[in-house]
Amino acid sequence: MLNNPNLSFEKMLEVMASGISIVKYLLILLVILLIYLYRYEIKLLLKYGVSDESIGGKFLKIIGVKKTDFSKLEKRDLNDKVDSMLDKFNKSTVDFEIDEQFCEEEDLLESANDLGTPNFRSLKAIRNSNTIMYHFVNDGGAIHNFCINNSEGVAVSFNYENRIEANATGYIKFELLDNFNENKFNFTLVCYDEVNNLHQINYEYSLSDNKLHSTDRLLN
C-alpha cells in the first residue's frame with residue numbers, strides 16, 4: 001500500500017501514524033495482560049525487591065526479573081506469614097494465661113469462702129416411713145456451737161452435738177410429722193466458723209430428688 005505511486009506523501013504519513021497508533025495500543029494491552037498474569041510475582045518484587053542473584057549488573061536488575069528465583073521469594077513470603085500468625089497466636093496465648101490466672105484467683109477466693117461454712121455433700125439418703133436419713137460428708141469448713149431452727153411439720157437433728165469438723169462424715173435426721181404433706185421443706189442452721197464468724201444458713205430439702213440446697217448469710 002505504501003508503494004502505491006498514487007498516494008501522496010501526506011497520505012503515507014497518515015497511514016504510518018495510524019499503524020504506529022495500533023501498535024502502541026497493542027503494546028499497552030500486552031503490558032496490561034502481563035501485569036495481570038504476573039501480578040503475584042510483581043507483588044513479591046515490590047515487597048522484597050529483585051533478587052541479588054539475578055544475572056547481570058544494575059541494568060539487568062530491570063530485565064533480569066525473569067532470572068529472579070521466585071521460589072525463594074515465595075518461601076520468604078510464606079515464612080513472613082507464618083511468623084505473623086505465630087506472633088498473633090503468642091499474643092492470644094498471653095491473654096489466655098492472664099484470664100486463666102484471674103480464674104485461678106477467683107477459684108481460690110471461692111474456696112476460701114467455702115471453708116468458712118459447711119457443705120453437706122450427699123452420700124446417700126434413706127427414707128423409711130416418715131424418717132429420712134441424709135448421709136453426708138462435709139466438704140466445707142468446720143463449725144461449732146450450732147443450733148437448728150426447724151420448719152413446721154419437720155424435726156431436724158444432726159448426729160453431732162456441738163461441732164462438725166471439715167471432711168467429717170455424718171447424717172442429718174429428718175422426721176416428717178403426721179401433718180406434713182409437702183414436696184420440700186426448709187430449716188435454718190445458725191453456727192460459728194473457725195474464726196468465730198456467726199453464720200445463718202438457710203436450707204431447702206427436696207423430697208422429689210433428695211437434694212439439699214443452701215444459702216449462707218454472714219451475721220457478723
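Nothing in this text is a laboratory measurement; each read-out follows from the coordinates by a stated rule. What you see is a predicted model, and the numbers here were worked out from it, not measured in a lab. Cβ coordinates were reconstructed from backbone atoms using ideal geometry, including for glycine residues, and neighbour counts include every protein chain displayed.
Could you give the length gained on full extension between residue 137 and residue 27, defined as 0.36 nm per residue of separation minus the Cα-Cα distance, in nm?
30.6 nm
In 10 Å bins starting at zero, report the fraction of Cα pairs in region 115-218 per bin as a rounded %.
Result, from short to long distances: 15, 52, 28, 5, 0 percent.
Could you work out how far apart the two model spin labels at residue 150 and residue 43 are, taking each label as a point 7 Å from the Cα in the direction of the beta carbon, and quote it in nm?
Result for the modelled spin labels: 8.2 nm.
What is the distance, in nm, between label points placed 7 Å from the Cα along the Cα-to-Cβ direction at residue 211 and at residue 119?
With each label placed 7 Å out from Cα toward Cβ, I get 1.6 nm.
Roughly how many nanometres apart are two label points built 7 Å out from the Cα toward the Cβ at residue 190 and residue 76?
Taking the two extended label points, one gets 8.2 nm.
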